[in-house]
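Single-structure report; data block below.
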Amino acid sequence: MASPNTRDRILLTSLALFNAEGLAAVSTHKIAAEMGISPGNLHYHFKAKQLIVERLFMRFEQRLGLLNGSTAAVAAIDDLWLALHLRFEAIDEYRFVYRDMAFLAAEYPALGQRAQDLTAQNLLAAQSLCEGLVASGVIQTSAEQARILALQIVFTTTCWLSFERLVPGREAEAQADPGLAAFYTLTLISPYVSSDSRAYLDYLRGKYLG
């Protein structure tokens, strides 16, 4: 496999630094120093830090967009757990986005608007997912409760990493366990899961809490 070019290395290094130290604390000079290149070399590829942030945000958008587009394939509890697992993996890989959202939106208003648009897309995808689970008999609930569940799922996936940082005994930047996060999100629908679909939920409970 070919090694990443300088532009890709800048993005990968920036992502690691933003995740570890926070968006506000990382300058282009710090990124260049971390890479062992001159600031001029970095600026040749990205004229400003904003362009780096925009490119990383676009990758995050695309990743979640693909996941949002695959909700029709979720037809069972194990499908839902996998879909949530993949979403938490994406959020963790680009964790600076949701963790530093207040700074991001204030510093780059256009990205703040795109974050709102992405949240709207996430809500629509979650609503479609919950409606599909009702239609397939995986969960048994009213249309109104399905909409509430969709909102709770998006809220949980969006805020999970911020919550993790506040749990006593957790390292501030410890990598989240996407599988565990997916299981806890699944518990939101636990009261509505049909008897035929409960076996996999019980399996996950034993795996993560047993």
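Which Rg and Dmax, in Å, describe the Cα atoms of the chain?
19.2, 62
Would you mind counting up the charge near F46? Only other residues with Cβ under 9 Å from its Cβ, with Lys and Arg at +1 and Asp and Glu at -1.
On the way: positive: R7, K47, K49, R55; negative: none.
That sum, taken over residues with Cβ under 9 Å, equals +4.
Within 10 Å of each residue's Cβ, count the other Cβ atoms and sort F96, F88 from fewest upward. Could you put the intermediate results ahead of the total?
Working: F96 27, F88 23.
With the sparsest Cβ surroundings first, the list reads F88, F96.
Could you put H29, H45 in order, starting from the residue whose Cβ has the fewest other Cβ atoms within 10 Å? Mind dumping the intermediate values first?
On the way: H29 13, H45 16.
Lowest count first: H29, H45.
Arranged by the count of other C-beta atoms within 10 angstrom, fewest first, what order do D92, D202 take?
Working: D92 18, D202 12.
By the 10 Å Cβ count, ascending, the order reads D202, D92.
Just so you know, all these numbers are worked out from the coordinates, no wet-lab data involved. Predicted, not measured: the structure shown is a model, and the values here were computed from it. Positions of Cβ are generated from backbone atoms using ideal geometry, with glycine treated the same way; all protein chains shown enter the neighbour counts.
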